[in-house]
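Report on the structure given below.
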Amino acid sequence: MEFQTLENSDIALEPLQPSDYERLFQVGSDPEIWAQHPDANRYQPDGFHVYFTKLMETDMPFLIIDKARHVVIGATSYYQYDAAASHIAIGFTFLAKSYWGGITNRTVKAMLLDHAFQFVDTVIFHVREHNFRSQAALGKLGALKTKAYPAPVDPSTMQFEYEITKVQWRAQQP
């Protein structure tokens, strides 16, 4: 799978670099962003450092850039790429609160899905049981909940796995 900058007229997904830490932390330092996340302290320097380190260890982390304003508005990533099984996961996504409720999340996910489906047949998303915003957003994309299991880091909570296939995604596109 090719990992590269992805963009349309409004949004750019640029490969994340270690030097991007400070400008991404400026966006992620809002506690409301992480309120439904099991690591709710990610808005604090120590919590964000753990998140950023995990993000950098994924297959391809991206900064999300608002091209019109020339500002970082969040991050996302591809991870768990498996060419033999023809799947990849998308996650570690967050957006600045001012971009919630509009088309930005769908736009970002559509760019990632369009690119991924050039190389794989299935895209997976992992979401914790209390992250209702992400679950609703995945439903709007047409992803289907396929699994539920105790979360790897905190078995007292459930983690859900959603999937969308290339066939499903392409059938939804105009």
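Observations, loosely collected:
- Residue match in the range 135-144 (condition: within 29 Å of residue 2 (Cα to Cα) and touching a Gly at 6+ places or on another chain (Cβ under 8 Å)): no
- Qualifying positions in the range 38-60 - touching a residue at least 40 places away in the same chain (Cβ under 8 Å), in contact with a strand residue (DSSP E or B) (Cβ under 7 Å, 6 or more places away or on another chain) and either part of a loop (DSSP other than H, G, I, E, B) or closer than 26 Å to residue 155 by Cβ (or both): 38, 59
- Residues satisfying the stated conditions in the range 131-156, i.e. surrounded by 13 or more Cβ atoms within 10 Å (Cβ to Cβ) and either within 22 Å of residue 51 (Cβ to Cβ) or in contact with a helix residue (DSSP H, G or I) (Cβ under 7 Å, 6 or more places away or on another chain) (or both): 131, 133, 134, 135, 137, 138, 141, 142, 151
- Contact map, the range 100-117: first residue of a type in the set (D, E, K, R), second residue loosely packed, with under 14 Cβ neighbours inside 10 Å, Cβ cut-off under 7 Å, separation 6 or more or different chains; pairs are 106/140.
- Residue, surrounded by the fewest Cβ atoms within 10 Å (Cβ to Cβ), within the range 63-86, restricted to residues that are farther than 15 Å from residue 14 by Cβ and in contact (Cβ under 8 Å) with a residue 60 or more places away in the chain: 83
- Looking only at the range 118-146, residues that are in a helix (DSSP H, G or I), among the basic types (Lys, Arg) and either closer than 14 Å to residue 157 by Cβ or touching a residue at least 40 places away in the same chain (Cβ under 8 Å) (or both) come to 1 in all.
- Some residue of the range 22-35 being hydroxyl-bearing (Ser, Thr, Tyr) and assigned to a helix (DSSP H, G or I): no
Rule-based calculations on the coordinates, nothing more; no lab input. Just so it is clear, the model here is predicted, and its values are computed rather than measured. Heads up, the Cβs are rebuilt from the backbone with ideal geometry, glycines too, and the neighbour counts pull from every protein chain shown.
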